[in-house]
1. Filter the stretch 165-179 for residues that are loosely packed, with under 15 Cβ neighbours inside 10 Å and within 14 Å of ligand 2 (Cβ to nearest atom) and give the result.
2. Considering only the stretch 217-231, state which residues are out of contact with any strand residue (DSSP E or B) (no Cβ under 6 Å at 6 or more places or on another chain), of a type outside the set (G, A, S) and more than 11 Å from ligand 1 (Cβ to nearest atom).
3. Considering every residue within the stretch 126-137, establish whether at least one is more than 15 Å from ligand 1 (Cβ to nearest atom), of a type in the set (F, W, Y) and either free of Cβ contacts under 8 Å to residues at least 12 places away in the same chain or over 23 Å from D38 (Cβ atoms) (or both).
4. Which residues, taken from the stretch 138-148, are touching a residue at least 60 places away in the same chain (Cβ under 8 Å) and closer than 21 Å to K173 by Cα?
5. Can you pull out the residues in the stretch 49-80 that are in a helix (DSSP H, G or I) and within 19 Å of the chain's Cα centre (by Cα)?
6. So R182 fits all but one of (1) surrounded by fewer than 18 Cβ atoms within 10 Å (Cβ to Cβ); (2) within 16 Å of ligand 2 (Cβ to nearest atom); (3) free of Cβ contacts under 8 Å to residues at least 24 places away in the same chain; (4) not β-branched (V, I, T); what number is the exception?
Amino acid sequence: MKTVVELSEMEQSKPFIGTIYSETINKNTTHLIGFCFDGTTSYRPGARFGPDAIRDASFGLETYSPYLDKDLEDSTVVDCGNLPIYPSKWRLTNDYFHGVTKDLKLKEDNIKLLVLGGEHSISYGPIRLCLDNYDDLVLLHLDAHADLRDGYLEEKFSHASIIRRMYDHMDEKNELIQYGIRSGTKVEFDFMKEKSTLETSLQSLCKRLEEIDSNRPIYMTLDLDFFDPAFFPGTGTPEAGGENFHSFVKIMKILNQKNLVGADIVELAPMLDSTGNSSAFASKVVRETLLAMQGGN
Ligand code: MN
Ligand code: MN
């Protein structure tokens, strides 16, 4: 591993199973980074505790995935711990992320980041970084909510606006694909219709993903309220009518054959599910995502 950036002031946690702790960003390596911010949450907070709950729950998992037939122990994945957090200051934490990542050459150096939220507004930095590094990036957005509001409760960078903010930075070379969306304003649904971003069945989503050239870079932003609250109650804004783990596996089996260059997984609020099932669920989702980000398929 060749180090390109040293991180400072990171909050060390027990690393995710099958990974090693490192405060450096290295070439040819996938990195797990916790972004424990939930300051714009409008309903129930607690997503700031998500990353460590995911790490803790990972100790109940195997490092091997029977779905993807891959093992974390055969991969180069480091867990960098959590970013230093300014609890109610999105901009300060985001500036820290930007500061340490802005000079990274993700493509040339084969550097990948999987960022764990936190609420969905934390995805701004990681997605922006990938848009800056990859001209023709596809942004795959899995969520119950459209997140296309042009600002929410006087916050332009709200969790409810994250996809809209990213769309501002996309051009005709990029593509936005949304799936799982079952809540939004009429304006948001009209936007999705007009731009043809929304897929409304798993079948049509899979077909669209299959058609993406296998070299084309894809970024996945996964808001865990994508899943049905019956399976995943531990999230701030649960919304009935969601997906199950098997749909997710179908999607990951396709992404595993593609070029998944970055991802974020957000909105686990572990304290809202005292059984611990949501944390265990999220942890398995993280394992599959880390494995799909490893090339060689
Ligand atoms: Mn959501
Ligand atoms: Mn969201």
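Every number in this text was worked out from the coordinates using simple rules, so none of it is lab data. No experiment lies behind these values; they were computed from the predicted model shown. Note that we place each Cβ from the backbone using ideal geometry, even for glycine, and neighbour counts take in every protein chain shown.
1. The answer is none; no residue qualifies.
2. Passing the criteria: D228, P229, F231.
3. Checked the stretch 126-137: at least one residue is more than 15 Å from ligand 1 (Cβ to nearest atom), of a type in the set (F, W, Y) and either free of Cβ contacts under 8 Å to residues at least 12 places away in the same chain or over 23 Å from D38 (Cβ atoms) (or both).
4. V138, L139, L140, H141, L142
5. Passing the criteria: F49, G50, P51, D52, A53, I54, R55, D56, A57, S58, L72.
6. That leaves (3) as the condition not met.
Yes/no matrix, rows are residues, columns are (1) within 18 Å of N26 (Cβ to Cβ); (2) crowded, with 19+ Cβ neighbours inside 10 Å; (3) touching a residue at least 60 places away in the same chain (Cβ under 8 Å):
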{"residue": "G81", "(1), (2), (3)": "yes, yes, yes"}
{"residue": "D95", "(1), (2), (3)": "no, no, no"}
{"residue": "N110", "(1), (2), (3)": "yes, no, yes"}
{"residue": "I122", "(1), (2), (3)": "no, yes, yes"}
